[in-house]
Structures are given as C-alpha cells and as structure tokens.
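Notes to accompany the following structure.
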Amino acid sequence: MDLNALKQKLDTLQQKTPTGGEKRDYTLTFWRPTVGKQQIRIVPSAFNSKNPFTELKFYYGITNKVMLSPLNYGEKDPIALFAKKLREEYTKENYLLAKKLDAKTRVFVPVVVRGEEDKGVRLWQFGKLIYEELLSLAVDEEIGDYTDVVNGRDLTIETVGPESTGTQYNKSSVRVRLKQSPLSEDATLVEKWTKEQPNPNNEFKKFTFEEMKSALEKWLSPEEANEGDIIKEPAEEFDGDAPKSNFSLDTSNVKQNKADKFDSLFDEKDGSKTDDLPF
C-alpha cells in the first residue's frame with residue numbers, strides 16, 4: 001500500500017464542512033500579501049501567453065456569497081440589466097443605487113512567492129491601484145517584461161496594516177527589483193510553473209441567470225414586505241428571452257436604504273481593499 005496516498009486521503013476525509021462537503025484550503029490556490037515585505041515573481045500565464053492578468057467582475061453583498069458576473073463568460077447578467085434599468089429612470093436615488101450595483105473588477109495574476117516555492121504557482125488578486133502600478137512597470141522601457149523566465153525581475157510587495165492606513169484594510173505597494181534574474185535556475189521547475197497553474201476562470205462558481213435574478217429579488221424586497229410586494233406591474237422578460245417569473249424590472253418602489261447598505265460594502269477607499277477575495 002502507498003501509505004502517503006492513504007494518509008492524504010484520510011486528511012481529506014477529515015476536513016469536512018458542516019454541510020458534508022470537503023473543506024477547501026484556499027491558500028493552496030490564492031496568495032495574499034501579509035504585513036511586511038515579500039518577494040514574488042509574476043509568472044507568464046499558462047492560458048494567455050500575451051497577458052498574465054485576468055480581469056473578473058464580481059458582485060459583493062447581494063447574498064452572503066460573492067457572485068461572479070455572467071458577463072465574464074459572455075452571458076446575460078440580470079443584475080447588470082437591472083442596474084441599466086435603474087439608470088434609465090433618471091432619478092438621483094436610482095442612479096446612486098445602480099452605481100452601487102455595478103460589478104466590481106478584481107484582477108488575478110499567477111505568482112511564485114520567494115521562500116515558498118514549494119507551494120508552486122498561486123493567484124494574487126488585487127484592485128485598480130495595484131493593477132495600475134504593475135501595468136506602469138510593464139510599459140517602462142527601462143524595466144521591460146518582468147515576467148520573462150530568463151531575464152525578468154522579481155517584485156517586492158510591501159504591505160502595511162490598518163494602524164498605518166487608518167482604515168480596516170491593509171495596503172500594499174509594489175517595487176521592482178533592479179537586478180534581472182531567471183524565474184528559477186532549475187529548468188524543470190520553470191517548465192512546471194509555466195504549465196501547472198490555477199485558472200482564474202475556473203476557480204469560482206458560475207451562477208445561473210435564475211439564481212442571480214432570485215438573489216437580487218430577495219435583496220431588493222424590504223424585510224417587512226411579503227414576497228412579490230415590489231411588483232407593481234406584470235412581470236416582464238429580460239430582453240425578451242429570459243423565462244418569466246414573479247420578478248419585474250419596475251424600480252419605482254426600490255428602498256433607498258438599500259443604497260445606504262451598499263456604502264460600506266462597495267466603498268473601496270483607495271482601491272487597496274485586500275480582504276474581499278471571492279471566497
């Protein structure tokens with residue numbers, strides 16, 4: 001018997017969630033900077049040789065789970081359609097609510113963390129500010145392609161905590177190492193790291209149109225109202241080809257306190273929000 005394989009299976013069986021599903025260790029797939037300095041290397045993507053960055057849109061706060069927008073894979077998104085309808089009402093309240101309902105973009109890039117090479121390639125996710133920093137470095141002719149496996153450059157990520165940011169979030173900054181270096185001196189590792197990577201597009205649950213529509217309907221319905229109370233007109237189809245249900249794009253009875261509720265959820269301050277990983 002392969003005792004190591006049996007031990008791994010036992011560990012898996014013992015890591016169960018309350019609902020009986022296997023508990024997933026997200027640190028094996030995702031990397032998050034910790035307070036202090038860490039050195040990383042961005043690895044060329046195994047799925048897009050021209051661009052290591054993957055942009056994905058998510059909704060926060062509609063349910064207790066982060067929801068991946070169907071727009072990411074070219075399908076209709078009921079929340080985006082509803083936000084569009086709100087904007088067409090031309091009222092300040094509806095416009096503000098529509099803005100809060102907009103999907104938020106997070107960016108993912110494959111990295112190897114120096115000192116933790118045994119963990120392989122993981123995904124680092126971040127927002128607009130870090131993304132702009134990394135893109136600015138990439139287009140700097142004096143720096144060049146820092147993902148090059150032979151003549152690329154490591155990056156130093158420096159992170160400060162809430163006591164320094166004055167918020168409840170950490171904040172990270174990026175500094176490129178001046179010395180060019182290979183991804184690894186071990187050609188076998190280079191081949192492995194450039195081929196064996198988690199795919200951001202496959203890491204998150206894809207919700208159906210009906211699931212997202214139902215979640216939005218529940219969120220919009222005031223707690224004291226009965227199901228269907230927000231409906232003032234006969235239910236209509238989304239763009240004419242989605243199944244009819246007890247849901248309407250009527251926005252005249254949307255409560256403004258819903259927008260207030262979103263303030264704390266979607267206020268990304270300076271774009272450095274780091275604790276909103278979609279899991």
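The values are calculated or read from the model by the stated rules, or taken from the named source; none is laboratory data. Because the structure is a prediction, the values reported are computed rather than measured. With ideal geometry, Cβ positions are generated from the backbone for all residues, glycine too; neighbour counts draw on all protein chains shown.
Here are a few things to note about the model shown:
- Residue satisfying condition, being acidic (Asp, Glu), under 29 Å from Glu217 (Cα atoms) and out of contact with any Gly (no Cβ under 9 Å at 6 or more places or on another chain), within set Glu88, Glu142, Glu133: Glu88
- Identification of helices (runs of 4 or more DSSP H) wholly contained in segment 75-173 with 1 or more residues that are of a type in the set (A, V, I, L, M, F, W, C) and more than 28 Å from Asn199 (Cβ to Cβ) yields 78-88, 92-101.
- Residue in segment 71-91 that is touching a helix residue (DSSP H, G or I) at 6+ places or on another chain (Cβ under 9 Å) and without any contact (Cβ under 8 Å) to a residue 12 or more places away in the chain present: yes
- When restricted to residues that are closer than 22 Å to Glu117 by Cα and either exposed (fewer than 13 other Cβ atoms within 10 Å of the Cβ) or of a type in the set (Val, Ile, Thr) (or both), segment 146-173 contains 7.
- Condition check for Arg106: crowded, with 21+ Cβ neighbours inside 10 Å, on the phi < 0 side of the Ramachandran plot and not aliphatic (A, V, I, L, M): yes
- Residue count for segment 174-211, restricted to those that are within 23 Å of Asp118 (Cα to Cα), part of a helix (DSSP H, G or I) and in contact with a strand residue (DSSP E or B) (Cβ under 8 Å, 6 or more places away or on another chain): 2.
- Of everything in segment 137-155 that is among the aliphatic types (A, V, I, L, M) and closer than 13 Å to Leu178 by Cα, the residue that is modelled with the highest pLDDT is Leu155.
- Qualifying residue in segment 120-128 (condition: among the charged types (D, E, K, R), surrounded by fewer than 20 Cβ atoms within 10 Å (Cβ to Cβ) and either modelled with pLDDT of 95 or more or farther than 19 Å from Lys37 by Cα (or both)): yes
- Hits in segment 23-59 (condition: surrounded by 17 or more Cβ atoms within 10 Å (Cβ to Cβ) and small (Gly, Ala, Ser)): Ser45
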